[in-house]
Amino acid sequence: MMDETPYRSRRLVLKDHVGVADVNAFAAARDWTVLGTIERNPEEGVFFEKKWAARAGVSVHYIVDEFLGERYMMAISQHGDPDQELADLSAGLDAWSRDEALFLFDASVYGADKERAVRLLAAISPASVDQSIVERITKASESRHNGVRLAAIWAMAYADWPEYRATLASVAARDTEEEIRQAAESILEDWKETDPPSPAPPA
């Protein structure tokens, strides 16, 4: 009996030159069935999304994330291994690798370039913690550039890794910019609401 629980893949972040027309052509060449689109609604924080049925029990989604300024593919699978499904189905699309994203961060000198590098690391963050990404996002949270620090805070929110909690608490208490402190506080509050309840003390 097929497991009916859907599993969501990591994000496959497309290179800047790969647009929706390229993805449409890629999908058509592979006979994916269009399932529909979600039109962008900035007032509601809704991003443009197009989705296809790529194979039985697997859908592929193209998302224009205006918050991060990145476009990426994701897979949702009923089979329990969406990352492998995504890797198989997307072979041939030009996407950012983890190592390329890490190098972009390390090579960025100017504030705007570093912001983009931080947002890219946010987009490619997998479900499981990656210490190489944690180290760089934590470093970015200490930047002298306000925009880089704010980008780092939201990168932590996208990853949702426990390893970021202490850094967020420090930023919320000590950052010199109110907007950044409030963002860190807001993320910590959101995480508290989704934390499993603490076990009751023994009687």
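The values are calculated or read from the model by the stated rules, or taken from the named source; none is laboratory data. Predicted model only: the values in this text are computed from it and were never measured. No Cβ is skipped: glycine too gets one built from the backbone with ideal geometry, and neighbour counts run over all protein chains shown. Heavy atoms of the whole protein, side chains included, go into the accessibility calculation; ligands, DNA and RNA do not. Shrake-Rupley method; radii C 1.70, N 1.55, O 1.52, S 1.80 Å.
Structure above, values below:
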item: Evaluation of Arg10 against (1) open to solvent by 50 Å² or more (accessible area, probe 1.4 Å); (2) in a helix (DSSP H, G or I); (3) in contact with a helix residue (DSSP H, G or I) (Cβ under 7 Å, 6 or more places away or on another chain); (4) not aromatic (Phe, Trp, Tyr) (one fails), failing number; result: (2)
item: Yes/no for Ala155 being modelled with pLDDT of 95 or more, surrounded by fewer than 16 Cβ atoms within 10 Å (Cβ to Cβ) and of a type in the set (A, V, I, L, M, F, W, C); result: no
item: Contacts under 7 angstrom Cβ, first residue in region 169-189 being over 15 Å from Ala140 (Cα atoms), partner loosely packed, with under 14 Cβ neighbours inside 10 Å and hydrophobic (A, V, I, L, M, F, W, C), 6 or more apart; result: Leu188/Ala169
item: Unique residue being in contact (Cβ under 8 Å) with a residue 60 or more places away in the chain and over 29 Å from Ala157 (Cα atoms) when the list is Phe67, Phe26; result: Phe26
item: Residue in region 15-30 that is out of contact with any strand residue (DSSP E or B) (no Cβ under 7 Å at 6 or more places or on another chain), surrounded by fewer than 19 Cβ atoms within 10 Å (Cβ to Cβ), at pLDDT 95 or above and β-branched (Val, Ile, Thr) present; result: yes
item: Which numbered condition Val148 misses (of (1) more than 22 Å from Asp65 (Cα to Cα); (2) part of a helix (DSSP H, G or I); (3) in contact with a helix residue (DSSP H, G or I) (Cβ under 6 Å, 6 or more places away or on another chain)); result: (1)
item: Some residue of region 70-77 being open to solvent by less than 60 Å² (accessible area, probe 1.4 Å), among the aromatic types (Phe, Trp, Tyr) and over 28 Å from Glu135 (Cβ atoms); result: no
item: Residue in region 46-62 that is within 21 Å of Ser132 (Cβ to Cβ), part of a loop (DSSP other than H, G, I, E, B) and open to solvent by less than 60 Å² (accessible area, probe 1.4 Å) present; result: no
item: Failed condition for Ile63, given (1) out of contact with any helix residue (DSSP H, G or I) (no Cβ under 9 Å at 6 or more places or on another chain); (2) at pLDDT below 95; result: (2)
item: Complete set of residues in region 88-112 that are outside any strand (DSSP E or B), in contact (Cβ under 8 Å) with a residue 24 or more places away in the chain and surrounded by 14 or more Cβ atoms within 10 Å (Cβ to Cβ); result: Leu89, Ser90, Leu93, Trp96, Arg98, Ala101, Leu102, Phe105, Gly111
item: Selection count where residues are open to solvent by 30 Å² or more (accessible area, probe 1.4 Å) and part of a helix (DSSP H, G or I), scope region 158-168; result: 5
item: Among (1) surrounded by fewer than 17 Cβ atoms within 10 Å (Cβ to Cβ); (2) within 22 Å of Val129 (Cβ to Cβ); (3) of a type in the set (Ser, Thr, Tyr) - the single one Thr33 does not satisfy; result: (2)
item: Of all residues in region 169-199 being assigned to a loop (DSSP other than H, G, I, E, B) and open to solvent by 90 Å² or more (accessible area, probe 1.4 Å), the one that is modelled with the lowest pLDDT; result: Ser198
